[in-house]
Amino acid sequence: MRNTARWAATLALTATAVCGPLTGAALAAPATAPASLYAPSALVLTVGHGDSAAAATPLRAVTLNCAPTASGTHPAPVSACAELRGVAGDFAALTARDDVLCTKQYDPVVVTVDGVWEGKRVSYERTFANQCVKSSYLTSVFSF
């Protein structure tokens, strides 16, 4: 009978040691769970006057987060994210409208974008001849 009692006690202790961590909080919040199922898309956009980002002082800066939902301080995050998804995050693919007439005055405006788009690091800089040319782009991405 003593062997049966020892065997039962050993089995009970083994079961507690093996199954104990599977109860309660351990099941509710596993330590290795990913923070998100979406690749991050978080960008900082700036605009300033000058020939290049190195020479320009930023006048405005906004944030744009596109995954999993559109948010940030950008005035139109939903349409900006939709436009970027339409060009697969390629800022150079954003095009200007043909029906806008701008003066040839050279008063350069530089736009920069830094951050992450769908998990990949991005850095973009574009200098427009003036504010009118920047505004002629058929996009809400640069409208801030």
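Restricting the trypsin sites (Lys or Arg not before Pro) of region 54-115 to loop positions (DSSP other than H, G, I, E, B) with no more than 16 neighbouring Cβ atoms within 10 Å leaves Arg97, Lys104.
Rounded to two decimals, the Cα radius of gyration of region 54-144 over 2.2 N^0.38 Å is 1.10. Placing His74, His49 in order of accessible area, with the largest value first and a 1.4 Å probe, yields His49, His74.
Between Ala82 and Ala61, the simple label model (points 7 Å from Cα in the Cβ direction) yields a spacing of 2.9 nm.
For region 64-77, the Karplus equation 6.51 cos²θ - 1.76 cosθ + 1.60, evaluated at θ = phi - 60°, returns couplings of 9, 10, 10, 9, x, 10, 6, 7, x, 8, 4, x, 9, x Hz by residue, with Gly and Pro reported as x. For Tyr106 and Leu138, the FRET efficiency from 1/(1 + (r/R0)^6), where r spans their Cβ atoms and R0 equals 25 Å, is about 0.65.
The values are calculated or read from the model by the stated rules, or taken from the named source; none is laboratory data. All values reported here derive from a predicted model rather than from experimental measurement. All Cβ positions, even for glycine, are placed from backbone atoms using ideal geometry, and neighbour counts span all protein chains on display. Ligands, DNA and RNA are excluded from the accessible area calculation, which covers all protein heavy atoms including side chains. Shrake-Rupley method; radii C 1.70, N 1.55, O 1.52, S 1.80 Å.
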